[in-house]
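Derivation of every value follows stated rules applied to the coordinates shown; laboratory data play no part. Because the structure is a prediction, the values reported are computed rather than measured. Ideal geometry is used to build each Cβ from the backbone, glycine not excepted, and the neighbour counts take in all protein chains shown.
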Amino acid sequence: MKPAWSVVLFTTLAGAGQGLFLALFAADLLAKPARGFLFAGCVVALALLGAGLLASFFHLGKPLRAWRAVAMWRTSWLSREVIVLPATMVLVLLYSVFTALAMEGAALAAGALAVVACILLFVCTGMIYACLKFLQEWASPLTLLNFAALGCASGVLLAAILAAALQPDLAHDYASAALLAGLLAYVARLFSLLRNRTLRPKSTLQSATGIRAGKLRQIAQGAMGGTFNTREFFHGRPEALVRAVRWTFLGLVFPLPAAILVAGAASASALLAAFALQFVGLLAERWYFFAEARHPQNLYYQAIA
Amino acid sequence: MKKQLALVIDLNVCVGCHACATSCKEWNDGGAAGPLSDQNAYGKDPSGTFFNRVQTFEAGEFPATDTVHFPKSCLHCEDPPCVPVCPTGASYKRAEDGIVLVDYDKCIGCKYCAWACPYGARELDESQKVMKKCTLCVDRIYDDKLPEAERKPACVMACPTSARLFGDIHDPESEAARAIRERGGYALMPEWETKPANHYLPRRKTVPPA
């Protein structure tokens, strides 16, 4: 598939926002940090979710009709995502307002609902890809796990940065949690890479055309120039670049940020550097997620003429 | 059983003339589905929106090869994976005749349906920014103003070798259903269980007279 930057940005930005909120609420329950810290964190989480929402609009051919996408929530994970994303934002906003006003009971209720919304949003986003059974690289529970685990890892790291500035007593714990979350997400991502290496495409040119011949090749695809089918489903990049992107994210998603965190003893500058590198790694990871998926329709578009 | 309109395409007689593709483009460029925009139509890299494309494959080992022309359009699956994923309901399958259609006024151009189609049957119209696909000429086949013999998709009317049969594949007496039954009609990518309504008839060996 051709990676769409709108979707790459949406899934990474919103994922970090969800992870950050989950980290904030966990601290609220366990450590009772200052209200200012929680409020500032929520503002950042909302900014990330909002930026993701904005990016997602660039994926649409008709953005002004986006409101229609709430209609088919009974069958479409995309529709469910379109409902859950703004709901998450409203709940995080309510939590932040109740927290700022020291309305503890209301904040707890809104926060608990926002936690559910964040988890549901991870499920919706992951299922959009995981439910397409013939995109074999995506059709796995690992897709959900990866979206959620990587989102949480970046969110916790972001919480550590905010804590270093506003709530220093929590910075160390957050940094430790970020290391653990990063490690778990990394292991899960390695599992999915390993799984996808061993995949055998179920569709072949023979099953796609029904022509029973051991040797079968395309001579013409019915168009001399490009078509939607050649533009949307092929990334068109050399294999070497795809491999380079994979090694980039394998280095930047966890090992390098972890080394910086440990070496820099979780100082503010080390945290910032670690987050910046990890986010670049997450963009590369999401780009690779799309580029890696081989759509069966590509079987019909192997030769121009 | 409910009606399921479909095309049955005979690969044994298709000569790859592209008359189905051009007549489809001509009919559907106007009317209910139109326009089907082209980009750079007379330039170096012409591109455009088509419902139907004729592809060509070479089967076998040289010199014993078969050249197989393979017209490809939406298969109007009985279990279409493109329909449930649509967030707006723009993509739908008609209960009355099984045609899978797009409501262009509801489509937001998110392309998720195209991702969800294993056959690559859907194309985004680059100027209208909505998803387009074969309608089985829904604006021809029920048109009382046309003579009854012409109430068929434009591609079927245009085919000079009668390689395209049109009919209700759930009616065992229809020409289409009989062709599938008697001439080994098959579906594309049966492994994904989409139950395509369109079927293809395989090549047959012509036995030279003794």
### Task
Return one number: the angle in degrees, 0 to 90 and rounded to the nearest 10, between the long axis of the Cα atoms of helix B:19-29 and the longest principal axis of the Cα atoms of chain B.
10 degrees
#### Entry: Which of A:G281, A:P141, A:V187, positive extreme of dipole for chain A (C-beta unit charges)
A:P141
### Query
Counting pairs on different chains as well as pairs 8 or more places apart, how many Lys pairs in chain A have Cα atoms under 21 Å apart?
5
### Message
I need B:I9, B:I141 ordered by Cβ neighbour count within 10 Å, fewest first.
### Response
B:I141, B:I9
### Query
If you line up the long axis of helix A:239-252 against the longest principal axis of chain A, both from Cα atoms, how many degrees apart are they, to the nearest 10?
20 degrees
### Query
What is the average number of partner chain Cβ atoms found within 10 Å of a Cβ in A:256-268?
0
### Query
What does the charge dipole of the stretch B:5-201 about its Cα centre add up to, to the nearest 20 debye, if the Cβ of each Lys and Arg holds +1 and the Cβ of each Asp and Glu holds -1?
360 debye
### Message
Give me the dipole magnitude in Debye, nearest 20, for the protein assembly as shown about the Cα centre, with unit charges on the beta carbon: positive for Lys and Arg, negative for Asp and Glu.
### Response
720 debye
### Message
For a test of the definition: using alpha carbon positions, the gyration tensor, and the 1.5 limit on a/c, classify the stretch A:65-180 as rounded, prolate or oblate.
### Response
oblate
### Query
Over all residues in A:69-79, what is the mean tally of Cβ atoms on other chains that come within 10 Å of each residue's Cβ?
6
### Task
Using only alpha carbon pairs under 8 Å that are at least six residues apart, calculate the relative contact order of chain A and give it in whole percent.
24 percent
### Query
Which of A:A171, A:A109, A:A31 moves the most in a Gaussian network model of chain A with Cα springs under 10 Å?
A:A31
### Message
Counting only helical runs of four or more DSSP H residues, what would the 222 nm mean residue ellipticity of chain A come to if each run contributes -39,500 (n - 2.57) and the total is spread over all its residues?
### Response
-24000 deg cm²/dmol
### Summary
With Cα coordinates, the longest principal axis of chain A makes an angle with the long axis of helix A:268-292, in degrees rounded to 10, of 20 degrees
### Global form of the stretch B:5-201, assessed from the alpha-carbon gyration tensor, a/c cut-off 1.5
rounded
### Query
Any idea what the relative contact order of chain B is, in percent, if you count C-alpha pairs under 8 Å spaced at least 6 apart?
30 percent
### Spatially proximal aspartates and glutamates relative to B:K2 (Cα-Cα < 18 Å; intrachain offsets below 8 disregarded)
B:E78, B:D79, B:E96, B:D97, B:D168, B:D171, B:E173, B:E175
### Message
Explain nothing, just the number: relative contact order of the stretch B:1-120, from Cα pairs under 8 Å at least 6 residues apart, as a whole percent.
### Response
23 percent
### Message
Which residue, A:M127, A:L46, A:V92, has the largest displacement toward the positive end of the dipole of chain A when charges sit on each Cβ (Lys, Arg +1; Asp, Glu -1)?
### Response
A:M127
### Query
Can you tell which of B:T206, A:V70, A:A291 lies farthest toward the positive end of the dipole of the protein assembly as shown, using +1 and -1 charges on the Cβ of basic and acidic side chains (Lys, Arg; Asp, Glu)?
B:T206
### Query
When you look at the Cβ of every residue in B:148-159, what mean number of other chain Cβ atoms sits within 10 Å?
0
### Query
Order of B:L36, A:L282, A:L272, A:L29 from fewest to most other C-beta atoms within 10 Å?
A:L29, A:L272, B:L36, A:L282
## Note on the structure
Which of A:A163, A:A213, A:A293 fluctuates most in a GNM of chain A (C-alpha springs under 10 Å)? That residue is A:A213
#### Entry: Protection proxy ranking of A:176-189, A:229-242 - average other beta-carbon atoms within 10 Å, highest first
A:176-189, A:229-242
### Message
Only Cα pairs within less than 10 Å get springs; with that Gaussian network setup on chain B, which residue of B:P46, B:P118, B:P172 has the largest fluctuation?
### Response
B:P46
